[in-house]
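The values are calculated or read from the model by the stated rules, or taken from the named source; none is laboratory data. Being a predicted model, the structure only gives us computed values, none of them experimental. All Cβ positions, glycine included, derive from the backbone under ideal geometry; neighbour counts span all protein chains shown. These accessible areas exclude ligands, DNA and RNA; they are computed on the full protein's heavy atoms, side chains included. Shrake-Rupley method; radii C 1.70, N 1.55, O 1.52, S 1.80 Å.
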Amino acid sequence: MVSLSRTHLTALIVASMLFMEQLDGTILSTALPAIANSLHVDTVATSVALTAYIVGLAIFIPASGALADRLGSRTVLSGAIVMFVLCSVACASAHSLLFLACMRTLQGIGGALMVPVGRLVVLRSTPREELVRTMTWMMLPATLGPLLGPVVGGFITTYLSWRWNFYLNIPVGIVGLLLTRRFIPEVKAEHPPPFDLRGLVFAGGGLATLSIVAELFSHNQGTHTLLLALLLIGCALMGIYGLHAHSLAAPLLDFRLFKTSTFRISVLGGAASRIAVGAFPFLLPTFLQIGTGLTAAQSGMITFFAPVGAIAMRPFVPAILRKWGFRRVLIANGFSAGLLAALIACYHAGQPLWPLTLILLAAGMAQSIQFSAYNTIAYADISATRMSAATSLYATMQQLMLSLGICIAAGTLTFSCQFNARTQPIAHDFMVAFLVVGFISFLAAPISARLNPNAGAALSGKKG
């Protein structure tokens, strides 16, 4: 019983850090005009504060597992929290955009090391029969953070100051650090392979470049020539990394993990779903304000029903997976996610708000089940010696797909506007974007259908 309580406490500590990182990644989106006014720069230029964070995150996520194996999970986790909190203080005291961007990059590095290493600790310390329940609660912040970020950021910026968006991380980080030093075990690999520094340069550089492309594209910044050049550079660096990794026994991102069917299907099916998750925080608030004429406050309240649905569904996820198994649940969720996106696309100005509220509530519930299942089944057949490599690759793919979701949503809106000779999107353009995102999310169903019917039975407790 003591071991079980410690396991849940470990998951709670990691969940608090995950929430802090996820919230921080989105909370500034509504504060950019206030930052621009305070630092005396153009509002468009302040988006570098978002891009810089994404860059730091993308570069060091691949290295997270390898560093934990060498330095120890508690040491890396503690260092990451300290870096994140100190950079938050520095960001809050910034008096120039350049300084803010530099500190946001370092803050992103701290975030990149916090989350995958925290997940690795949970995976290593949790008994297999408790993994579904533990991961279900640990992944709740991943659902809440992106949706709550704009709401919390808007409230803080309006009634306090944009600087308090960063000060918010201090108490959470201090508590997380104290609990980490007290309860997180120090786990190292006995004989870790040589650190793949070249791999970090190629993979980190490629992921950072692709993330910059997604960020610039989503904010309609940069010329077509610049975006195309960055896209080619990012793809080239990832291609070079692929050739480099093929010759190593233990590369930084080990694509041989895709030979494990449960891991491969979780990544691919999860990719289709995460593209939609990345797109929704970008599409939904803008759609509610521009497409349906709601105020910012009204759109925030409506959007809030999605995390409410996610929270409400969390206690039932283990029982659902135990009764129907991973394969059936993920197939059903793939279909339902596509349908819910189509229903949102059908909503238009003048209709009652309660049907949209119910749709978003259901979407949050579906998302809760879906990502609890994906984040658990991914590690069902991964050995303990391969766990750090698996968490690094999985976290990297997550980040890449979330960025791609923003890019696809913004690209669809832009194409629809240009095709119809419009300079600003209207409700029809958002409808097209939601349908495209819904179709991509729908692809998770046939991918999940390739799972073995008994896949993950030892984790879910499903009989027969």
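Per-structure values
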quantity	calculated
Solvent-accessible area of residue 188 with every protein chain in place, 1.4 Å probe, in Å² to the nearest 10	120
Extreme residue, positive dipole direction of segment 254-463, given options 432, 356, 369 (C-beta unit charges)	369
CD proxy at 222 nm, helix term only [per DSSP H run n ≥ 4: -39500 (n - 2.57); per residue of the chain; nearest 500]	-25500 deg cm²/dmol
Length added when fully stretched, residue 348-residue 86, from 0.36 nm per residue minus Cα-Cα	89.8 nm
Segment 383-432-segment 183-232 distance, computed between alpha-carbon centres (Å)	16
Check: segment 1-191 dipole with +1 on Lys, Arg Cβ and -1 on Asp, Glu Cβ, in debye	380
Measure of compaction for segment 1-191 (Cα Rg per 2.2 N^0.38 Å)	1.05
Cα-only Debye scattering, the chain: base-10 log of I(q)/I(0) at q = 0.12 Å⁻¹	-1.05
Residue 38 accessible area, 1.4 Å probe, all protein chains in place, Å² to nearest 10	40
Accessible surface ranking that places the most exposed of 422, 198 first, with a 1.4 angstrom probe	198, 422
Charge tally in the Cβ shell below 13 Å around residue 116, where Lys, Arg are +1 and Asp, Glu are -1, residue 116 excluded	0
Net charge, residue 35 excluded, C-beta distance under 15 Å - Lys, Arg +1, Asp, Glu -1	0
Table column - 3J(HN,Hα) (Hz), segment 102-112, Karplus curve with 6.51, -1.76, 1.60, x for Gly and Pro	5, 5, 5, 5, 5, 5, x, 5, x, x, 5
Heavy atoms of residue 102: accessible area, 1.4 Å probe, square angstrom to 10	60
For the chain, size of Cβ-based charge dipole, Lys and Arg +1, Asp and Glu -1, in debye	1240
Length-normalised contact order of the chain in % [C-alpha pairs under 8 Å, at least 6 apart]	23
Where 160, 284 fall by accessible area, highest first, once all protein chains stay in place (1.4 Å)	160, 284
